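**Student:** Following this message is one structure expressed as structure tokens.
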Amino acid sequence: MARVERYLNTLTSVHARFIQVSTNGSFAEGEVHIQRPGKMRFQYDDPHPALLIANGLTLLYYDRELKQATFLPLWETPLWFLIREKVELTDDIEIVDVVQDAGVLSMILEDSSNGDVGRITLTFSDKPLRLHKWEVVDAQGIATQVSLFNAEYDVPIEKSVFEYDDLEIDTPGLGNNR
């Protein structure tokens, strides 16, 4: 537990390709950037129109086809655990299970202070410890697994990756905003 906590607190960034599979039958892939603390970007490949950007305070879900945006407080998302400033596996995080097997370490975690966020399983390759994938089970019981490929850890990421000022957003009744 202490080793995982130490690893997550020293991890500064991840840039990778990802494959996302959900138990509801959806499948997507794309590129992910994570910069601790508080920033991430999921750029989905076509034909999926979704774009997710966390800027440190909010999570933007943007539909590129509809040009519509939804904003959520970052701390109400399951990935908040990964990108918060200080990861502590003792306070409001309940460790449900830890499994170590053949060079793989998995931890199932729940945010005991926010039951609506659901459950997250973090999977690491071991020796050296590296984040390999995660699975989020939401309040409706839908599991979404994200696996990282060709990952680069602790690499510089341009600040502009986490900005969304250039997105064209349709606001009903207000016209287009940029």
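**Student:** Relative contact order, percent, of the range 1-160 when contacts are C-alpha pairs under 8 Å separated by at least 6 residues?
**Tutor:** Relative contact order, the range 1-160: 23 percent.
**Student:** May I ask you to give the percent of accessible area on the chain that is carbon plus sulfur, with a probe radius of 1.4 Å? Before the final figure, lay out the partial values.
**Tutor:** Numbers: 4950 of 9750 Å².
Carbon-and-sulfur percentage of accessible area, whole number: 51.
**Student:** Per residue, how much accessible surface does the chain expose to a 1.4 Å probe? Answer in Å², no decimals. Mind dumping the intermediate values first?
**Tutor:** On the way: 9750 Å² over 178 residues.
Roughly 55 Å² per residue, with all protein chains present.
**Student:** Also: To the nearest 500 deg cm²/dmol, what mean residue ellipticity at 222 nm is calculated for the chain from DSSP H runs of n ≥ 4 alone, each contributing -39,500 (n - 2.57), summed and divided by the residues?
**Tutor:** Numbers: 2 runs with 13 residues, N = 178.
-1500 deg cm²/dmol, from helical runs alone.
**Student:** Here's something else I'd like to know. Compute from the Cα atoms of the chain the Rg and the Dmax, the latter being the longest Cα-Cα distance, and quote both in angstrom.
**Tutor:** 16.5, 57
**Student:** Which lysines, on any chain, are close to residue 127 with Cα under 25 Å apart, when same-chain ones fewer than 8 places away are left out?
**Tutor:** Filter leaves 86.
The values are calculated or read from the model by the stated rules, or taken from the named source; none is laboratory data. Predicted, not measured: the structure shown is a model, and the values here were computed from it. Just the protein is used for accessible areas: all its heavy atoms, side chains included, with ligands, DNA and RNA removed. Shrake-Rupley method; radii C 1.70, N 1.55, O 1.52, S 1.80 Å.
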